[in-house]
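Structure record follows, encoded as C-alpha coordinates.
The values are calculated or read from the model by the stated rules, or taken from the named source; none is laboratory data. Computed from a predicted structure; not experimentally measured. Here the Cβ positions follow ideal geometry from the backbone for every residue, glycine too, while neighbour counts run over all protein chains shown. We work out accessible area using only protein heavy atoms, side chains counted, and drop any ligands, DNA or RNA first. Shrake-Rupley method; radii C 1.70, N 1.55, O 1.52, S 1.80 Å.
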Amino acid sequence: MKKFWLAVRDVVVILLWVIVAQVLAQVVLGLPQIVFPTLKTNHLYILTVYVLAPLGYLFLFYYGFVWLKKHFYHHDFPAISFPVRIKGRYLAYGLLLYTLILCGSLIAGLKFETPALNHWDFTQNLVSEALMFFAAPFVEEVAFRGVIIEQVARRYNLIAGVIVSSLLFGLVHLLNGPLNIISAVQLILSGALMGCLLSLIYLYEGSIWADYTVHAFYNLFFTLVPIQASVTHDWPFQLIFSSHRQLITGGQYGSDCSLAFNVAYLLMIGLFLFLLKKRRGAAQPR
(Lines give C-alpha, C1' and ligand atoms only; values in the text may rest on other atoms or scores of the structure.)
Protein backbone atom coordinates (compact mmCIF):
# COMPACT_ATOMS: atom_id res chain seq x y z
CA MET A 1 0.00 0.00 0.00
CA LYS A 2 2.92 2.34 0.60
CA LYS A 3 3.83 2.62 -3.08
CA PHE A 4 0.16 3.25 -3.92
CA TRP A 5 -0.01 6.25 -1.61
CA LEU A 6 3.35 7.50 -2.84
CA ALA A 7 2.07 7.36 -6.42
CA VAL A 8 -1.13 9.17 -5.40
CA ARG A 9 0.92 11.83 -3.63
CA ASP A 10 3.13 12.35 -6.69
CA VAL A 11 0.13 12.68 -9.01
CA VAL A 12 -1.89 14.97 -6.73
CA VAL A 13 1.02 17.36 -6.17
CA ILE A 14 1.64 18.03 -9.87
CA LEU A 15 -2.09 18.34 -10.62
CA LEU A 16 -2.53 20.79 -7.77
CA TRP A 17 0.36 22.85 -9.08
CA VAL A 18 -1.20 22.94 -12.57
CA ILE A 19 -4.39 24.39 -11.04
CA VAL A 20 -2.64 26.72 -8.58
CA ALA A 21 -0.36 28.19 -11.27
CA GLN A 22 -3.32 28.96 -13.51
CA VAL A 23 -5.40 30.47 -10.71
CA LEU A 24 -2.49 32.55 -9.40
CA ALA A 25 -1.83 34.03 -12.84
CA GLN A 26 -5.50 34.97 -13.24
CA VAL A 27 -5.79 36.40 -9.71
CA VAL A 28 -2.68 38.58 -10.02
CA LEU A 29 -3.79 39.96 -13.38
CA GLY A 30 -7.30 40.52 -12.04
CA LEU A 31 -6.19 42.62 -9.05
CA PRO A 32 -6.19 45.95 -10.94
CA GLN A 33 -9.96 45.50 -11.52
CA ILE A 34 -10.53 45.66 -7.77
CA VAL A 35 -8.79 49.04 -7.51
CA PHE A 36 -10.13 50.35 -10.82
CA PRO A 37 -13.53 48.69 -11.54
CA THR A 38 -13.85 50.47 -14.89
CA LEU A 39 -11.05 48.24 -16.23
CA LYS A 40 -13.59 45.41 -16.50
CA THR A 41 -14.89 47.03 -19.69
CA ASN A 42 -11.61 48.52 -20.91
CA HIS A 43 -10.71 46.76 -24.16
CA LEU A 44 -6.97 47.40 -23.91
CA TYR A 45 -6.84 46.01 -20.37
CA ILE A 46 -8.86 42.92 -21.38
CA LEU A 47 -6.55 42.19 -24.31
CA THR A 48 -3.47 42.74 -22.14
CA VAL A 49 -4.78 40.17 -19.67
CA TYR A 50 -5.37 37.72 -22.53
CA VAL A 51 -1.71 38.10 -23.52
CA LEU A 52 -0.17 38.05 -20.04
CA ALA A 53 -2.32 35.31 -18.49
CA PRO A 54 -0.85 32.39 -20.50
CA LEU A 55 2.67 33.81 -20.12
CA GLY A 56 2.20 34.12 -16.35
CA TYR A 57 0.72 30.62 -16.20
CA LEU A 58 3.67 29.23 -18.15
CA PHE A 59 6.24 31.07 -16.00
CA LEU A 60 4.68 30.03 -12.67
CA PHE A 61 4.17 26.42 -13.70
CA TYR A 62 7.65 25.96 -15.13
CA TYR A 63 9.56 27.39 -12.18
CA GLY A 64 7.30 25.54 -9.76
CA PHE A 65 8.00 22.33 -11.66
CA VAL A 66 11.76 22.99 -11.51
CA TRP A 67 11.50 23.39 -7.74
CA LEU A 68 9.36 20.24 -7.37
CA LYS A 69 11.74 18.26 -9.56
CA LYS A 70 14.67 19.09 -7.30
CA HIS A 71 13.11 19.20 -3.84
CA PHE A 72 10.08 16.92 -4.02
CA TYR A 73 10.40 14.33 -6.78
CA HIS A 74 14.21 14.07 -6.61
CA HIS A 75 14.17 13.02 -10.27
CA ASP A 76 15.67 14.69 -13.35
CA PHE A 77 12.88 13.75 -15.80
CA PRO A 78 15.34 13.47 -18.73
CA ALA A 79 12.54 13.41 -21.33
CA ILE A 80 11.76 17.03 -20.38
CA SER A 81 14.96 18.44 -21.85
CA PHE A 82 16.17 21.83 -22.99
CA PRO A 83 16.89 23.36 -25.41
CA VAL A 84 13.67 22.56 -27.26
CA ARG A 85 14.16 20.07 -30.09
CA ILE A 86 11.31 19.83 -32.60
CA LYS A 87 11.90 17.22 -35.29
CA GLY A 88 10.19 17.07 -38.65
CA ARG A 89 8.48 13.78 -37.90
CA TYR A 90 6.77 15.32 -34.85
CA LEU A 91 5.06 17.77 -37.21
CA ALA A 92 4.20 14.85 -39.50
CA TYR A 93 2.41 13.09 -36.62
CA GLY A 94 0.36 16.22 -36.01
CA LEU A 95 -0.44 16.60 -39.69
CA LEU A 96 -1.52 12.97 -39.93
CA LEU A 97 -3.85 13.36 -36.94
CA TYR A 98 -5.32 16.54 -38.41
CA THR A 99 -5.82 14.86 -41.80
CA LEU A 100 -7.60 11.85 -40.25
CA ILE A 101 -9.88 14.13 -38.22
CA LEU A 102 -10.69 16.31 -41.22
CA CYS A 103 -11.43 13.30 -43.45
CA GLY A 104 -13.65 11.73 -40.80
CA SER A 105 -15.49 14.99 -40.22
CA LEU A 106 -16.05 15.43 -43.96
CA ILE A 107 -17.52 11.93 -44.12
CA ALA A 108 -19.78 12.81 -41.17
CA GLY A 109 -20.89 15.91 -43.07
CA LEU A 110 -19.47 19.44 -42.97
CA LYS A 111 -20.46 22.73 -44.52
CA PHE A 112 -18.20 25.75 -44.92
CA GLU A 113 -19.51 28.97 -43.35
CA THR A 114 -18.25 32.55 -43.48
CA PRO A 115 -20.37 34.28 -40.83
CA ALA A 116 -20.69 38.00 -40.23
CA LEU A 117 -18.00 38.94 -37.71
CA ASN A 118 -18.45 40.55 -34.35
CA HIS A 119 -15.06 42.29 -34.47
CA TRP A 120 -14.62 42.55 -30.71
CA ASP A 121 -15.42 38.85 -30.22
CA PHE A 122 -13.02 38.01 -33.05
CA THR A 123 -10.25 40.13 -31.51
CA GLN A 124 -10.73 38.52 -28.09
CA ASN A 125 -10.70 35.05 -29.62
CA LEU A 126 -7.59 35.76 -31.68
CA VAL A 127 -5.58 37.31 -28.83
CA SER A 128 -6.64 34.78 -26.20
CA GLU A 129 -5.81 31.78 -28.39
CA ALA A 130 -2.58 33.16 -29.86
CA LEU A 131 -0.47 32.34 -26.80
CA MET A 132 -2.65 29.77 -25.03
CA PHE A 133 -2.38 27.34 -27.92
CA PHE A 134 1.27 26.66 -27.01
CA ALA A 135 1.26 27.44 -23.26
CA ALA A 136 -1.48 24.99 -22.24
CA PRO A 137 0.01 22.02 -24.17
CA PHE A 138 3.40 22.57 -22.51
CA VAL A 139 1.91 22.54 -19.02
CA GLU A 140 -0.31 19.53 -19.76
CA GLU A 141 2.42 17.48 -21.44
CA VAL A 142 4.92 18.11 -18.65
CA ALA A 143 2.33 17.25 -15.99
CA PHE A 144 0.49 14.31 -17.56
CA ARG A 145 3.16 12.69 -19.70
CA GLY A 146 6.42 13.93 -18.24
CA VAL A 147 5.58 13.57 -14.54
CA ILE A 148 2.52 11.36 -14.02
CA ILE A 149 3.54 8.58 -16.41
CA GLU A 150 7.07 8.53 -15.04
CA GLN A 151 6.12 8.62 -11.36
CA VAL A 152 3.41 5.95 -11.66
CA ALA A 153 5.75 3.81 -13.77
CA ARG A 154 8.45 4.11 -11.09
CA ARG A 155 5.99 2.68 -8.53
CA TYR A 156 4.28 0.19 -10.84
CA ASN A 157 4.91 0.00 -14.62
CA LEU A 158 4.53 1.95 -17.85
CA ILE A 159 1.11 0.47 -18.66
CA ALA A 160 -0.23 1.69 -15.31
CA GLY A 161 1.38 5.08 -15.97
CA VAL A 162 -0.32 5.42 -19.36
CA ILE A 163 -3.73 4.34 -17.99
CA VAL A 164 -3.62 6.70 -15.00
CA SER A 165 -2.31 9.61 -17.04
CA SER A 166 -4.89 9.14 -19.81
CA LEU A 167 -7.88 8.82 -17.47
CA LEU A 168 -6.81 11.87 -15.48
CA PHE A 169 -6.29 13.82 -18.70
CA GLY A 170 -9.92 13.17 -19.58
CA LEU A 171 -11.23 13.89 -16.09
CA VAL A 172 -9.33 17.14 -15.55
CA HIS A 173 -10.99 18.71 -18.61
CA LEU A 174 -14.30 18.55 -16.72
CA LEU A 175 -12.99 21.60 -14.85
CA ASN A 176 -13.45 23.67 -18.03
CA GLY A 177 -17.16 24.14 -17.35
CA PRO A 178 -20.49 22.47 -16.50
CA LEU A 179 -21.74 19.72 -18.84
CA ASN A 180 -24.73 17.40 -18.91
CA ILE A 181 -24.09 13.74 -18.08
CA ILE A 182 -23.81 12.50 -21.67
CA SER A 183 -21.45 15.30 -22.67
CA ALA A 184 -19.33 14.68 -19.57
CA VAL A 185 -19.01 10.97 -20.46
CA GLN A 186 -18.08 11.93 -24.03
CA LEU A 187 -15.43 14.30 -22.73
CA ILE A 188 -13.87 11.77 -20.36
CA LEU A 189 -13.77 9.12 -23.11
CA SER A 190 -12.35 11.46 -25.76
CA GLY A 191 -9.88 13.03 -23.33
CA ALA A 192 -8.67 9.59 -22.28
CA LEU A 193 -8.20 8.53 -25.91
CA MET A 194 -6.29 11.70 -26.76
CA GLY A 195 -4.27 11.26 -23.56
CA CYS A 196 -3.45 7.69 -24.53
CA LEU A 197 -2.32 8.79 -27.99
CA LEU A 198 -0.07 11.52 -26.59
CA SER A 199 1.33 9.04 -24.05
CA LEU A 200 2.23 6.54 -26.78
CA ILE A 201 3.93 9.28 -28.83
CA TYR A 202 5.86 10.27 -25.70
CA LEU A 203 6.97 6.68 -25.07
CA TYR A 204 7.86 6.07 -28.73
CA GLU A 205 9.99 9.19 -29.07
CA GLY A 206 11.29 9.42 -25.49
CA SER A 207 10.90 13.20 -25.52
CA ILE A 208 8.21 15.50 -24.19
CA TRP A 209 8.66 17.66 -27.30
CA ALA A 210 7.14 14.98 -29.54
CA ASP A 211 3.75 14.88 -27.79
CA TYR A 212 3.94 18.62 -27.12
CA THR A 213 4.33 19.29 -30.86
CA VAL A 214 1.33 17.12 -31.73
CA HIS A 215 -0.76 18.71 -28.97
CA ALA A 216 0.16 22.28 -29.97
CA PHE A 217 -0.29 21.49 -33.68
CA TYR A 218 -3.76 20.13 -32.88
CA ASN A 219 -4.72 23.25 -30.92
CA LEU A 220 -3.34 25.58 -33.60
CA PHE A 221 -5.08 24.01 -36.56
CA PHE A 222 -8.46 23.72 -34.89
CA THR A 223 -8.15 27.33 -33.79
CA LEU A 224 -7.36 28.46 -37.34
CA VAL A 225 -10.01 26.25 -38.96
CA PRO A 226 -12.58 25.41 -36.25
CA ILE A 227 -14.90 22.45 -36.64
CA GLN A 228 -18.04 22.92 -34.58
CA ALA A 229 -21.76 22.23 -34.23
CA SER A 230 -23.08 25.74 -34.89
CA VAL A 231 -22.01 29.04 -36.36
CA THR A 232 -20.44 31.66 -34.10
CA HIS A 233 -19.45 35.21 -34.92
CA ASP A 234 -15.92 35.22 -33.48
CA TRP A 235 -14.06 33.70 -36.45
CA PRO A 236 -14.24 34.48 -40.20
CA PHE A 237 -14.49 30.91 -41.50
CA GLN A 238 -15.79 27.76 -39.86
CA LEU A 239 -16.57 24.14 -40.69
CA ILE A 240 -20.00 23.25 -39.32
CA PHE A 241 -21.38 19.75 -38.85
CA SER A 242 -24.46 19.13 -41.00
CA SER A 243 -25.92 16.80 -38.38
CA HIS A 244 -27.10 17.91 -34.94
CA ARG A 245 -26.77 14.45 -33.38
CA GLN A 246 -24.67 14.57 -30.23
CA LEU A 247 -22.55 11.61 -31.30
CA ILE A 248 -21.56 13.52 -34.45
CA THR A 249 -21.09 17.00 -32.95
CA GLY A 250 -19.43 16.00 -29.67
CA GLY A 251 -22.13 17.45 -27.41
CA GLN A 252 -21.71 20.47 -25.18
CA TYR A 253 -17.92 20.32 -25.02
CA GLY A 254 -17.55 20.45 -28.79
CA SER A 255 -16.05 18.62 -31.73
CA ASP A 256 -13.07 17.31 -29.71
CA CYS A 257 -15.53 14.69 -28.44
CA SER A 258 -17.18 13.91 -31.78
CA LEU A 259 -17.20 10.49 -33.43
CA ALA A 260 -14.82 11.58 -36.20
CA PHE A 261 -12.26 12.85 -33.70
CA ASN A 262 -12.51 9.67 -31.58
CA VAL A 263 -12.03 7.43 -34.62
CA ALA A 264 -8.94 9.44 -35.57
CA TYR A 265 -7.55 9.08 -32.02
CA LEU A 266 -8.10 5.31 -32.19
CA LEU A 267 -6.41 4.98 -35.58
CA MET A 268 -3.39 6.93 -34.34
CA ILE A 269 -3.28 4.84 -31.14
CA GLY A 270 -3.25 1.71 -33.29
CA LEU A 271 -0.39 3.12 -35.37
CA PHE A 272 1.81 3.90 -32.36
CA LEU A 273 1.05 0.58 -30.67
CA PHE A 274 2.22 -1.08 -33.89
CA LEU A 275 5.38 1.05 -34.00
CA LEU A 276 6.17 0.34 -30.35
CA LYS A 277 5.62 -3.40 -30.87
CA LYS A 278 7.79 -3.35 -33.99
CA ARG A 279 10.59 -1.58 -32.12
CA ARG A 280 10.39 -4.04 -29.23
CA GLY A 281 10.56 -6.95 -31.66
CA ALA A 282 13.59 -5.49 -33.43
CA ALA A 283 15.35 -5.02 -30.08
CA GLN A 284 14.94 -8.65 -29.06
CA PRO A 285 17.91 -10.93 -29.84
CA ARG A 286 17.33 -13.41 -32.66
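Worth a mention:
- Lys87 long-range amide H proximity, modeled H, under 5 Å: none
- With K and R counted +1 and D and E -1, the other residues having a Cβ less than 11 Å from that of Thr232 yield a net charge of -3.
- Among Ala7, His119, Leu174 the positive-end extreme of the charge dipole of the chain (Cβ point charges): Ala7
- Rounded if a/c under 1.5, otherwise prolate or oblate - the chain, Cα gyration tensor axes: oblate
- Here the average projected area of the convex hull drawn through the C-alpha atoms of region 1-134 stands at 13.8 nm².
- Summary of the geometry: region 22-55 and region 73-98, compared by the centres of their Cα atoms, lie 32 Å apart.
- Angstrom value of the Kirkwood radius, inverse mean 1/r, which spans all Cα pairs in region 138-201: 11.8 Å
- Carbon plus sulfur fraction of accessible area for the chain, probe 1.4 Å, in percent: 70 percent
- Of the DSSP H helices in the chain, those with a Cα length along their own long axis of 15 Å or more and a mean Kyte-Doolittle hydropathy reaching 1.0 comprise 2-35, 43-68, 88-108, 158-172, 181-205, 259-283.
- Prolate/oblate/rounded label for region 152-245 (Cα gyration tensor, a/c 1.5): oblate
- Solvent-accessible area of Arg279 with every protein chain in place, 1.4 Å probe, in Å² to the nearest 10: 110 Å²
- Solvent-accessible surface of the chain, taken per residue with a 1.4 Å probe and all protein chains present: 52 Å².
- Residue among Trp209, Trp17, Trp120 with the largest mean-square fluctuation in a Gaussian network model of the chain, springs linking Cα atoms under 10 Å: Trp120
- A Gaussian network model of the chain, with springs between Cα atoms under 10 Å, assigns the largest mean-square fluctuation among Leu175, Leu24, Leu60 to Leu175.
- Relative contact order of the chain, defined on C-alpha pairs under 8 angstrom at six or more residues apart (%): 24 percent
- Considering only Asp211, Asp256, Asp76, the mean-square fluctuation computed in a Gaussian network model of the chain, springs between alpha carbons under 10 angstrom, is largest for Asp76.
- Only DSSP H runs of four or more residues enter the estimate; each adds -39500 (n - 2.57), and after division by the residues of the chain the mean residue ellipticity at 222 nm equals -23500 deg cm²/dmol.
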